[in-house]
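The values are calculated or read from the model by the stated rules, or taken from the named source; none is laboratory data. Not measured: the values here are computed from a predicted model. Note that we place each Cβ from the backbone using ideal geometry, even for glycine, and neighbour counts take in every protein chain shown. For the accessible areas, the whole protein counts, side chains as well, though only heavy atoms, and no ligand, DNA or RNA atoms are used. Shrake-Rupley method; radii C 1.70, N 1.55, O 1.52, S 1.80 Å.
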Amino acid sequence: MTSFEPKDISTGKLHSYLLSAVAPRPIAFASTLDADGNPNLSPFSFFNVFSANPPIMIFSPARRVRDNTTKHTLQNAEAIKEVVINVVNFDMVHQMSLSSTEYADGVNEFEKAGLTMLKSDIVKPFRVAESPVQFECKVNEIVKLGTEGGAGNLIICEVVKLHIDDDVLNEEGVINQQKLDLVARAGGSYYTRAKKGFFEIPKPLSTLGIGVDNFPDFVKNSMVLTGNDLGMLANIERLPTEDSVKAFVKDLGARYPNIKTATHRQKHKLARNYLSFGDVESAWKILLS
């Protein structure tokens, strides 16, 4: 057995061991507002529920290991002292992953991830309409666990109102876990689906994904592509060039001779097939053909 004390290894390596060993972890998809009223949305897997009376949840935005800076969510919670914690199910997991991209201050991750802002009843931050359960919370306290990179900041939230999609409730008004279909975080790029087990999502680009807000309207408003499809398509640095699209379509014509005359709907269905194998670049070339 390999053994060591935390002080003897780098913070980054310790962080990796902790996240891989303490798993799976539930995800707090936290919606906040900055002091100027700009929405922010980001996922955190240092999260759980700790009390029912009063109803208390705690999540922890850690200081970044690489440069010891703090995240917008922490800054917003300190300024506004309100947050909405949205749960994450499988249908929105790619959009959630995209929102973890470190976009600049003031960028709206709802728009980047193609998620819908839903006005809350009590608190100021917006809810994620696609989330099956949403908790409006006031921030009771923030406990800073350290001042160096990797240090957590416990945001202690009290639930003041919760919203549950009727589709995940059974006849007795109890949440059906199969219908809820939650996902949880593990180490590296791994997640686990509560009812099916582990799967993998490539981490968002270190460069910035273009975001759903920069899609052509005929893709953004597709009646075929799902939220997860949009999340995958949005996690690219730039769209394929016109020449690369033409070359791809020419080659594709051998297998799909009607591709040039296909409708948007037909192209979107074919693109979904490529996305199911993780081939985002080819999916974009089909959509833009």
- Item | Solvent-accessible ranking of ARG66, ARG25, ARG193, ARG255, largest area first, probe 1.4 Å | ARG66, ARG255, ARG193, ARG25
- Message: Quick check: with the 1.4 Å probe, what order do MET96, MET223 take by accessible area, largest first?
- Response: MET223, MET96
- All-pairs alpha carbon distance profile, the chain, 5 Å steps from 0, percent: 1, 5, 11, 15, 17, 15, 13, 9, 7, 4, 2, 1, 0
- Task: Show which aspartates and glutamates lie in cross-link reach of LYS196 when reach means a straight Cα distance below 15 angstrom and same-chain residues fewer than eight apart are skipped.
- Result: ASP91, ASP181
- Message: Tell me the net charge near PHE44. Cut-off is 14 Å between Cβ atoms, PHE44 excluded, with +1 for each Lys or Arg and -1 for each Asp or Glu.
- Response: +3
- Which of PRO26, SER3, ALA62 sits farthest toward the positive end of the charge dipole of the range 1-64, with +1 on the Cβ of Lys and Arg and -1 on the Cβ of Asp and Glu? SER3
- Query: Which shape class, rounded, prolate or oblate, goes with the range 32-112 when its Cα gyration tensor gives a ≥ b ≥ c as root eigenvalues, a/c under 1.5 marks rounded, and past that a/b bigger than b/c marks prolate?
  - Reply: rounded
- Would you list which lysines come within 25 Å of LYS81, measuring only between C-alpha atoms, while excluding same-chain residues fewer than 8 positions from it? LYS71, LYS112, LYS119, LYS124, LYS138, LYS144, LYS161
- Item | At R0 = 30 Å, FRET efficiency that the Cβ-Cβ distance of ASP105 and ALA247 yields, to 0.05 | 0.15
- Message: Per 0.36 nm of contour for each residue apart, how much would the distance between LEU18 and VAL143 grow if the chain were fully extended, relative to their Cα-Cα spacing?
- Response: 43.0 nm
- Shape call for the range 1-158 from the C-alpha gyration tensor, a ≥ b ≥ c root eigenvalues: rounded (a/c under 1.5), prolate (a/b greater than b/c) or oblate? prolate
- Once the piece of chain linking ARG255 and SER51 is laid out straight, how much longer is it, given 0.36 nm per residue of separation minus the C-alpha distance between them? 67.7 nm
- Item | Relative contact order of the range 1-159, pairs being alpha-carbon contacts under 8 Å that are 6 or more residues apart, as % | 27
- Query: Out of residues 5 or more away from GLY150 or on other chains, whose amide H comes under 5 Å of its own, with H placed 1.01 Å from N in the peptide plane?
  - Reply: ARG63, ARG64, VAL65
- Considering only the other residues whose Cβ falls under 14 Å of the Cβ of GLY146, what net charge follows from Lys and Arg at +1 and Asp and Glu at -1? +3
- Accessible surface ranking that places the most exposed of ILE27, ILE9 first, with a 1.4 angstrom probe: ILE9, ILE27
- For LYS7, go through the aspartates and glutamates and keep the ones whose alpha-carbon is under 19 Å away, minus same-chain ones fewer than eight residues off. ASP67, GLU148
- Message: Please compute the contact order of the chain in relative form: average sequence separation of alpha-carbon pairs under 8 Å and at least six residues apart, divided by the residue count, as a percent.
- Response: 18
- Task: Please grab the % of Cα pairs in the range 91-170 that end up more than 19 Å from each other.
- Result: 55
- Task: Calculate the dipole size of the chain relative to its Cα centre from +1 charges on Lys and Arg beta carbons and -1 charges on Asp and Glu beta carbons; express the result in debye to the nearest 20.
- Result: 760
- By the Cα gyration tensor axes a ≥ b ≥ c (a/c under 1.5 gives rounded; else a/b larger than b/c gives prolate, otherwise oblate), the shape of the range 123-198 is oblate
- Item | Where the range 1-96 is the region considered: accessible area per residue in Å², 1.4 Å probe | 50
- What angle do you read, to the nearest 10 degrees and between 0 and 90, between the alpha-carbon axis of helix 242-252 and the longest principal axis of the chain? 70
- Amide H of SER120: which non-local residues (sequence gap of 5 or more, or other chain) have their own amide H closer than 5 Å, using H built in the peptide plane? ARG127
